[in-house]
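The values are calculated or read from the model by the stated rules, or taken from the named source; none is laboratory data. All values reported here derive from a predicted model rather than from experimental measurement. Reconstructed Cβ throughout: ideal geometry from the backbone, glycine too, with neighbour counts over all protein chains shown.
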Amino acid sequence: MNLRFIEAFVWVARLRSFTAAAEKLHTTQAAISARIATLETDFGVKLFERDKRTVTLTHTGEELLKHAEQLLGISARMVEAVSDRAAYGGFIAVGVIDTVVHTWLPQLLGALRQRFPKVRVEIHTYNSSDLHEELLSGNLDLALTAETIANPAIENSSICGYQMAWIIAPTARGNTLLSDVELLDRLPILTFLRGSVVYRDVVARLGPYCVARINPISSIAAMVALVQAGYGLATLPRATIASSLDSGLMIALEAAPELAPLPIIASRRRASESPLVEATIQLSIDAARAYSTASRPGFIVVDGDQT
């Protein structure tokens, strides 16, 4: 049995497209079609239902997919077990949220390069929900986001957490004697996108009346720039703005309602055939731990529990 044919089957099943599978495997659509046709002939069954717009697995195809993913996983682990890691090639696509980008992503990439110097790493930066879709569709091997994925095909591991704070520029308070709570009632609120764990937490802390003053923003850098310009207040992970807090460029409202910590969760497909994924999760935990020991405030390291 040709593993390239099995790999083609798995990617057509994940991406629901012969064209997308061909792009993923750097080959032609005709080559993918030929591999699937050979498998169907060898097994004597139909694996996909196809029309002009959609590709769906047959019942037999669904059963084969379970074994095909396991087979690719075993094959990849066999190669990794006998290979020199310094010479190990391959590719891994990792999705990360903005908070990771602004903290320990450089440490993670440095560790990956040192351990697997020939591996190509592709980084996708979106919000959690978009990264979850990318992982489930097969475009990512690993997603580092703020929420678990409730799907039996996905394994979630806790990496770390961040203490969140209400952040303003000193000029936003001005010469007034307004309390922290009064500032929360008056200033525009900059926070993460609607539907995120942080957005939901803000509404839970302040009540639904605050929604009219919320400005959802996907970029931490944009929130920081707006706060420094004196526009409102933002909910930000303390660790991402540690230097600005130390210098007094920005300040935290200490008497405001306490925000829930922002978790970072590593999500992967349970049947992932890439041995790089497990290594990247462990390196993520190591990078987060190293970051936390460098006197960064507001950082919480957890033990990598899995669900």
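A few remarks follow.
- Filter pass, VAL203 being of a type in the set (A, V, I, L, M), within 20 Å of THR99 (Cβ to Cβ) and surrounded by fewer than 19 Cβ atoms within 10 Å (Cβ to Cβ): yes
- Residues in the range 147-186 that are farther than 30 Å from LYS66 by Cβ, modelled with pLDDT of 90 or more and of a type in the set (A, V, I, L, M, F, W, C) were compared, and the one that is surrounded by the most Cβ atoms within 10 Å (Cβ to Cβ) is CYS160.
- One residue stands out in the range 72-100 among those that are among the hydroxyl-bearing types (Ser, Thr, Tyr) and at pLDDT 65 or above: the one that is nearest to LEU262 (Cα to Cα), namely THR99.
- Per-region count, the range 280-307, residues modelled with pLDDT of 85 or more, over 16 Å from the mean Cα position of the chain (by Cα) and crowded, with 19+ Cβ neighbours inside 10 Å: 1
- In the range 100-132, residue surrounded by the fewest Cβ atoms within 10 Å (Cβ to Cβ) [restricted to those that are within 10 Å of the chain's Cα centre (by Cα) and assigned to a helix (DSSP H, G or I)]: SER129
- Tabulated pairs, the range 3-21, first more than 16 Å from ALA34 (Cβ to Cβ) and modelled with pLDDT under 85, second among the charged types (D, E, K, R) and surrounded by fewer than 18 Cβ atoms within 10 Å (Cβ to Cβ), C-beta under 9 angstrom, 6+ apart or interchain: LEU15/GLU23
- Selection over the range 19-55 of residues that are hydroxyl-bearing (Ser, Thr, Tyr), surrounded by fewer than 13 Cβ atoms within 10 Å (Cβ to Cβ) and part of a helix (DSSP H, G or I) gives a count of 1.
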